[in-house]
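The values are calculated or read from the model by the stated rules, or taken from the named source; none is laboratory data. No experiment lies behind these values; they were computed from the predicted model shown. Neighbour counts are summed over all protein chains in view; Cβ atoms, including those assigned to glycine, are modelled from backbone coordinates with ideal geometry.
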Amino acid sequence: MAHIDVTDIQYFLSDGTQLLGGVTFKVTSGSKTALIGPNGTGKTTLFKIIGGELKPDEGAVSRSGSMGIMRQFVGQVRDESTVRDLLLSTATAELVAAAEKVATWEQRMLTSDDEKVHMRYAEAIIAWGDAGGYELENTWDKVCMAALGVSFDRAADRAATTLSGGEQKRLVLEALFQGPDELLLLDEPDNYLDVPGKRWLEERMRSSEKTVLFISHDRELLDNAATRIVTLEPGHGGATAWAHGGSFSSYVQARKERNERFEELRKRWDEEHAKLKELVNMYKTKAAFRSDMANRYHAAQTRLDKFLEAGPPQAIPLEQNVTMRLKGGRTGKRAVVAEELELTGLMKPFSTEIWFGDRVGVLGSNGSGKSHFLRLLAAGGSDPDAEHLPVSDVVIAEVKHAGSVKLGARIRPGYFAQTHSRPDLFGRTLLEILHRGDEHRSGLPREAAAGALDSYGLAGQSEQKFESLSGGQQARFQILLLQLSGATLLLLDEPTDNLDLHSGEALERAINAFEGTVMAVTHDRWFAKSFDRFLVFGSDGSVYESDEPVWEETRVERQR
């Protein structure tokens, strides 16, 4: 049976900052353990240490059972990888090496008649079989049928970029759960999955005998799938870990009670410390005049020294202070008007009106056209006037469509991109971006810029370049830019995917206070509860309105 034992892991960043300050916890055999914590506390770094990709500065990780890993990048593959490459990312190093040899000699054989080349290709094929490659391909055939609805032979050379983020995730998750590994490390497995996909993941985790350690910020998933929750808690000497032996439904109350106990213990310690110091000072004063008090003074001093040597009780964990203030502004009554709008190849024509102040959740399965719709609005609609141009330099791909969608008076779209692909921000520190401003946004004095970053929990990252931030930190910074931009229509594409629990709640509060219109594509069931109305992109290409969230099955599931 598989387990993980993490003991006193300490890790320092290249600038000397201590990221992990003695992390200790266990993942018991067969458990489904969630690793949570504020963005930037080191969850992904800890995963890399457990997976053997990084070495800790101190401490050790021991485990039993073979281990399969899903990296955080899955769901946002934009290179030349194929479906075969994605599946190979879940295989052992031996199988990966064998596959690379087969690919190398196969390519050379196509351009050479040399007998030696053909022999090397034959040897590579034999090595692939000896490593278990053909058995793995049988598994991959089942995986591709389940995730994509086609066989492995048909899907193998398909470019990963032709798959949606959810399809990439589902493919890799199917491979891991159907594979031989007894222990799985899953870094944000729910990102990019639609709700039926998340429900599938919850059921797969519950029914699997594998031991699973996973990172997630999805409150529904945590409540439905996790049997144990480990929290990385930031501290002045790096993050430490606290384990809660239950699901998310009991986590919030347990954490509150724990922090209250720490507060009470610290209060008692401070009171005892004050009494001992007072006693020492009293005997010290008396000993200056009475020699018979010297022994009592030294005894009191020894008692105080031992008390201080033992140290105070564990400090209350630092809480990340994230305050989002999305301002907005008054606009015309009609914010968005769509007339017989059809996204080419994705959806049937539909018409709708979005009014000033509406909070609209855009729901539907992966690949149904939700993100395309948001991008069309983000670019200003069908025939944008100057006032409708986006409030950032983010590059928005053209969306082919028929019919029309127009933005109302004084509508300035502010776009939050799901993949956080912002080359316009690359190569610059956060302070530099805010200080210089751009054609859409005035620059801030350095002190004001530092204050803005602090309100978003990013003060410690002010001198970091945007691309070096964690996914959640990039998300918070993009929301800060929207705050400063003067947007009156917020277009948010999966904004909570990389936000930690505290930041997600802060975003919900900011949206509630925003003076303007909000449209958000989301698969976050908890987040969706805060919206007023819903635009549902059906799997059959229809688009319809609903007063309640509607989570349709994916197209692959409907085909089966």
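Taking segment 1-101 and the strands (runs of 3 or more DSSP E) fully enclosed by it, the elements with 3 or more residues that are within 20 Å of the chain's Cα centre (by Cα) and aliphatic (A, V, I, L, M) are at 32-36. The residue that is nearest to M70 (Cα to Cα), among those in segment 186-226 that are in contact (Cβ under 8 Å) with a residue 60 or more places away in the chain and among the aromatic types (F, W, Y), is F214.
Taking L480 as the residue in question, decide whether it is out of contact with any strand residue (DSSP E or B) (no Cβ under 8 Å at 6 or more places or on another chain) and outside any loop (DSSP other than H, G, I, E, B). So L480 does not fit the description; no. Looking across segment 113-137, the residues that are under 42 Å from the mean Cα position of the chain (by Cα) and of a type in the set (A, V, I, L, M) come down to A124, I125, I126, A127, A131, L136.
For every residue, the table says whether it meets (1) assigned to a helix (DSSP H, G or I); (2) closer than 26 Å to H523 by Cα.
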| position | (1), (2) |
| --- | --- |
| Y251 | yes, yes |
| E271 | yes, no |
| K277 | yes, no |
| V280 | yes, no |
| K348 | no, yes |
| E353 | no, yes |
| G357 | no, yes |
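In segment 126-142, the residues that are closer than 16 Å to A93 by Cα form Cβ pairs under 9 Å with partners that are polar (S, T, N, Q) and crowded, with 17+ Cβ neighbours inside 10 Å, at six or more places apart or across chains, as follows: A131/T92; G132/T92.
Taken together, the residues in segment 396-434 that are in contact with a Lys or Arg (Cβ under 9 Å, 6 or more places away or on another chain), surrounded by fewer than 17 Cβ atoms within 10 Å (Cβ to Cβ), of a type outside the set (D, E) and farther than 19 Å from G328 by Cβ amount to 7. Number of residues in segment 494-523 that are surrounded by fewer than 21 Cβ atoms within 10 Å (Cβ to Cβ) and of a type in the set (D, E, K, R) equals 4. If the condition is being farther than 20 Å from V23 by Cα, in a loop (DSSP other than H, G, I, E, B) and at pLDDT 90 or above, then segment 192-217 contributes S208, E209, K210. H236 falls short on exactly one of the conditions (1) exposed (fewer than 14 other Cβ atoms within 10 Å of the Cβ); (2) not in a loop (DSSP other than H, G, I, E, B), and that condition is (2).
Say whether the condition of being more than 28 Å from L222 (Cβ to Cβ) and surrounded by 24 or more Cβ atoms within 10 Å (Cβ to Cβ) is met by at least one residue in segment 537-555. Looking through segment 537-555, at least one residue is more than 28 Å from L222 (Cβ to Cβ) and surrounded by 24 or more Cβ atoms within 10 Å (Cβ to Cβ). Mind listing just one residue for me: the one in segment 151-188 that is surrounded by fewer than 23 Cβ atoms within 10 Å (Cβ to Cβ) and of a type in the set (K, R) and, of those, nearest to the chain's Cα centre (by Cα)? Step by step, filter segment 151-188, then rank; the result is R158. In segment 296-334, of all residues being β-branched (V, I, T) and either assigned to a helix (DSSP H, G or I) or farther than 29 Å from V23 by Cβ (or both), the one that is modelled with the lowest pLDDT corresponds to T331. Hey, among the residues in segment 202-223 that are among the hydrophobic types (A, V, I, L, M, F, W, C) and touching a Leu at 6+ places or on another chain (Cβ under 8 Å), which one's surrounded by the fewest Cβ atoms within 10 Å (Cβ to Cβ)? In this case the residue turns out to be I215.
For segment 5-52, a residue qualifies if it is touching a Gly at 6+ places or on another chain (Cβ under 9 Å), crowded, with 22+ Cβ neighbours inside 10 Å and closer than 23 Å to N224 by Cα, and the qualifying residues are P38, N39, K43.
When you check G457 against the structure, is it touching a Lys or Arg at 6+ places or on another chain (Cβ under 9 Å) and farther than 22 Å from V394 by Cα, yes or no? Spelling it out, G457 is indeed touching a Lys or Arg at 6+ places or on another chain (Cβ under 9 Å) and farther than 22 Å from V394 by Cα. If the condition is being closer than 25 Å to Y192 by Cβ and acidic (D, E), then segment 72-124 contributes D79, E80, D85. When segment 336-364 is limited to residues that are in contact with a helix residue (DSSP H, G or I) (Cβ under 6 Å, 6 or more places away or on another chain) and of a type in the set (G, A, S), the one that is surrounded by the fewest Cβ atoms within 10 Å (Cβ to Cβ) turns out to be G361.
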